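The values are calculated or read from the model by the stated rules, or taken from the named source; none is laboratory data. Just so you know, these numbers come straight off a predicted model, no measurement behind them. Cβ placement follows ideal geometry from the backbone for every residue including glycine, while neighbour counts extend to all protein chains displayed. Calculation scope for accessible area: heavy atoms of the full protein, side chains included, ligands and nucleic acids excluded. Shrake-Rupley method; radii C 1.70, N 1.55, O 1.52, S 1.80 Å.
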Amino acid sequence: MAALKEEPPEAVTVKPDPDAGPPPPPPAAPQSQSPSPTAASSLLSDGEPLAGATDSKPPQPPQPPSTTAAAAATTTLSPASAAPQLPTDRQTLLAVLHFLRRSNLRESEEILRKEARLLATDEGDAAVGVLVEDQPDVSAVLSAYNQQGDPALYEEYYSGLKQFIECALDCHRAELSQLFYPLFVHMYLELVYNGHENEAKSFFEKFHGDQECYYQDDLRVLSSLTKKEHMRGNETMLDFRTSKFVLRISRDSYQLLKRHLQEKQNNQIWNIVQEHLYIDIFDGMPRSKQQIDAMVGSLAGEAKREANKAKVFFGLLKEPEIEFPLDDEDEEGENEEGKPKKKKPRKDSTGSKKDVKLKTATLCKQGLTAVDITDDSSMIVGGFADSTVRVWSVTPKKLRSVKSAADKESDDVLERIMDEKTASELKILYGHSGPVYGTSFSPDRNYLLSSSEDGTIRLWSLLTFSCLVGYKGHNYPVWDTQFSPYGYYFVSGGHDRVARLWATDHYQPLRIFAGHLADVTCTCFHPNSNYVATGSADRTVRLWDVLNGNCVRIFTGHKGPIHSLAFSPNGKFLATGATDGRVLLWDIGHGLMVGELKGHTDTIYALKFSRDGEILASGMH
């Protein structure tokens, strides 16, 4: 099943003031070189700069080619085919082909390649030559790093901007400081891509220490990209290139930045701002350092304001009214002699404390990687590094398998179908070929889900303790899987950066939620089953609409990968935990952070609300 399309690119929220003047003019190109498309596309038809880099660019004005350029064009392109330009379509096509090849989807790749050739034929011989000869690598994606600036001036450009920001007023300094990290990344990648290895190394060593501490993991990966060949196929580099870094800046701060770049004729930085950044301009007072720090930290910056404006229906479904008969032991009445009945003492359903402690010790010693408990606390399941799934009975009632043939002589239904010979406190389920990273009981306690490093999700029967279905859709390890509150549907997330929605009676996913820039590490259903929350190593949390597959919320603020999610029982709030040791509380209706809980010093792997929603428990490794 094809992945659902991501949200279309959005226009800039606020257009810059036209009275502020045009940006610095592009440098005059030498006669032996063709004009730079990046510089040409940085201006609107009326000379007004774009506030954020968008996918739509104005047509370039025709310029007479030089003798050298004309000769080169004659050898490769015909005069009639030199006019059409398809940079955006070409980049998208090559990126898709590259993804299909990495995913070993050869058949899909060949079909798309054939269709691309046919499509290109209709558009001219030039496009055919480009699409047929190029391989599905990232050469087109990286082509935006072509530049004609002096590599020796990169440090001067960056230092000049840094000095300007540090000398700005306090109210603007915090907002403009957000530019440091994305500009540093893209300037470094430009130097590496154009073969200036020594200049790139010097640039990195001089300025990497100025970046925020929560970007250190990304910078460590970036430092390993020292040659152009290293950039091909590198996932982190593709993330930097294909996703525009989002900055939220006030109009006053933005105008201040634009005037500075205009006065200094700093075209190199301005081109990066136009090409790789999305600046979300708002009217009002600039934000403080504390306000900014609360929302930044993700791999692609903050979430766009437009991403959190969709209406979320977080109300709960009306529970059916069902009357349950009271147990005999709870009924108060009189016996045949007219005397009040005596209540039978209840047995402890959780077993002795010694049994619980023994189970805990057993779990800890055998490489436990996942755990889940039924709602009535009758069973506990553990996923282990040895690829096994183990189910324990926490109550004195032992686990029994169904008989192969029912016993017709017994009056008790359970005795007819349940085999007492198989009764035991522990059942071990075999089937996975790698560590088990996710487990989930169905609400009716008849089924069990498990996800593994082997890329599969398995559905187990708790009546026969056997595997019923193996769901194959992920190409890489599956980190988490969760049943919906009403059963039947379940969700999974893995290393392939997508979450998938399944139904137990379908072996193919019903929805594919694509949009994260790194592993989907945890998943969680909303109490009304209409939404799915996903946490990722890209340090964002997304809320997806199950009905149409759209992303309706993007939460940023964590400074490390997300590892735990929990919805409040009333469905209004979402709690998230990450490697930064913080628990953040979100209002999903308004898309805002409403609380931050501190106290942990390491990764938070578990979150759980009490049944009344008044208490939230968090667990750290």
Original post:
What strands (runs of 3 or more DSSP E) lie completely within region 541-621 and have 2 or more residues being out of contact with any Ser or Thr (no Cβ under 8 Å at 6 or more places or on another chain) and more than 19 Å from Y531 (Cβ to Cβ)?
Top reply: 592-597
**OP:** Only residues that are farther than 17 Å from E302 by Cα, in contact (Cβ under 8 Å) with a residue 60 or more places away in the chain and open to solvent by 10 Å² or more (accessible area, probe 1.4 Å): list them for region 547-579, please.
**Re:** N550, N570, K572
Original post:
Scanning region 187-203 for residues that are among the aromatic types (F, W, Y) and closer than 16 Å to L153 by Cβ, which turns out surrounded by the fewest Cβ atoms within 10 Å (Cβ to Cβ)?
Top reply: F203
Original post:
What are the residues in region 213-226 that are surrounded by 13 or more Cβ atoms within 10 Å (Cβ to Cβ) and more than 21 Å from the chain's Cα centre (by Cα), if any?
Top reply: S223, L225, T226
Subject >> Filter result (modelled with pLDDT of 75 or more, open to solvent by 50 Å² or more (accessible area, probe 1.4 Å) and part of a helix (DSSP H, G or I)) within region 87-107 >> reply: T92, V96, F99, R101, R102, R106, E107
**OP:** Return the total of residues in region 216-233 being of a type outside the set (D, E, K, R), in a loop (DSSP other than H, G, I, E, B) and within 20 Å of E199 (Cβ to Cβ).
**Re:** 3
**OP:** Keeping to region 449-474, report how many residues are hydrophobic (A, V, I, L, M, F, W, C) and open to solvent by 40 Å² or more (accessible area, probe 1.4 Å).
**Re:** 4
Original post:
For region 580-621, how many residues meet the condition of being over 22 Å from F525 (Cβ atoms), of a type in the set (D, E) and surrounded by 15 or more Cβ atoms within 10 Å (Cβ to Cβ)?
Top reply: 1
Original post:
Condition test on H230, is it open to solvent by less than 40 Å² (accessible area, probe 1.4 Å), on the phi < 0 side of the Ramachandran plot and more than 20 Å from the chain's Cα centre (by Cα)?
Top reply: no
Subject >> Qualifying position, being under 21 Å from A537 (Cβ atoms) and in contact with a Cys (Cβ under 9 Å, 6 or more places away or on another chain), among A307, A303 >> reply: A307
Original post:
Is it fair to say T504 is surrounded by fewer than 24 Cβ atoms within 10 Å (Cβ to Cβ), among the β-branched types (V, I, T) and closer than 23 Å to L317 by Cα?
Top reply: yes
Original post:
Quick one: how many residues across region 531-549 are of a type outside the set (V, I, T) and in contact with a Gly (Cβ under 9 Å, 6 or more places away or on another chain)?
Top reply: 8
**OP:** Under 8 Å between Cβ atoms, at least 6 apart or on separate chains: pull out the pairs that start in region 511-529 with a residue that is on the phi > 0 side of the Ramachandran plot and in contact (Cβ under 8 Å) with a residue 24 or more places away in the chain and end on any residue that is among the aromatic types (F, W, Y) and assigned to a loop (DSSP other than H, G, I, E, B).
**Re:** S529/Y486
**OP:** Might you check whether a residue that is more than 30 Å from L100 (Cβ to Cβ) and open to solvent by 30 Å² or more (accessible area, probe 1.4 Å) occurs anywhere in region 234-241?
**Re:** no
Original post:
Just for strands (runs of 3 or more DSSP E) wholly inside region 424-502: which have at least 1 residues that are in contact (Cβ under 8 Å) with a residue 40 or more places away in the chain?
Top reply: 426-429, 436-441, 447-452, 456-461, 478-483, 489-494
Original post:
Would you say S440 is in contact with an Asp or Glu (Cβ under 8 Å, 6 or more places away or on another chain) and crowded, with 21+ Cβ neighbours inside 10 Å?
Top reply: yes
Original post:
Considering D280, D252, D239, which residue is part of a helix (DSSP H, G or I) and modelled with pLDDT of 90 or more?
Top reply: D252
